1. Assess whether ALA2 counts as being modelled with pLDDT of 95 or more and over 30 Å from SER70 (Cα atoms).
2. Need the failing condition index for VAL14 against (1) in a loop (DSSP other than H, G, I, E, B); (2) of a type in the set (Val, Ile, Thr); (3) modelled with pLDDT of 90 or more, just the number.
3. Given (1) closer than 30 Å to ALA38 by Cα; (2) of a type in the set (Ser, Thr, Tyr); (3) in contact (Cβ under 8 Å) with a residue 60 or more places away in the chain, identify the lone condition not met by SER74.
4. Quick check on my filter: what residues within region 77-101 are outside any strand (DSSP E or B) and under 17 Å from VAL49 (Cβ atoms)?
5. I'd like the full set of residues that are among the charged types (D, E, K, R), assigned to a helix (DSSP H, G or I) and over 17 Å from the mean Cα position of the chain (by Cα), limited to region 23-76.
Amino acid sequence: MAKPRGFTLIEMMVALAVFSLAALALIRLEGATIRGAATLDTTLLAQTVARNVAIEAMTDAKPPTIGAASGVESNGGRAWSWTRSVQPTGDIRVLRIDVTVRDPAGRQAGRLTVVRDGTRAP
């Protein structure tokens, strides 16, 4: 009697089940990578906006007034809302400037803190 060659139906079903589990894991990994890239893009643009707002406050001839200011800046084809808070530090000659940036959905996407001489222009 000749020995049968090939796989049985059960062996094929087990192989397909293992392959499908591996394929599903790869699809999930791809989705997580895409979400991570989108988050990184949003954070990078928000940090750029925060730096722009902070640099404006740092390079202005007059020190910024103590208190809060807000505005909207367009960057990367999106409108970013920012809030700048200026506070005195323990030294009256130094100002602390906090900039918070929110994405178009209103979520905080970036934050930056800098200090500046509060008595004269840089």
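1. No: the conditions fail for ALA2.
2. Going through (1) in a loop (DSSP other than H, G, I, E, B); (2) of a type in the set (Val, Ile, Thr); (3) modelled with pLDDT of 90 or more one by one, VAL14 breaks only (1).
3. If we test SER74 against (1) closer than 30 Å to ALA38 by Cα; (2) of a type in the set (Ser, Thr, Tyr); (3) in contact (Cβ under 8 Å) with a residue 60 or more places away in the chain, just (3) comes out false.
4. Matches in region 77-101: GLY77 only.
5. Hits for region 23-76 are ARG28, GLU30, GLU56.
The values are calculated or read from the model by the stated rules, or taken from the named source; none is laboratory data. Keep in mind that what you see is a predicted model, and the values were worked out from it rather than measured. Ideal geometry is used to build each Cβ from the backbone, glycine not excepted, and the neighbour counts take in all protein chains shown.
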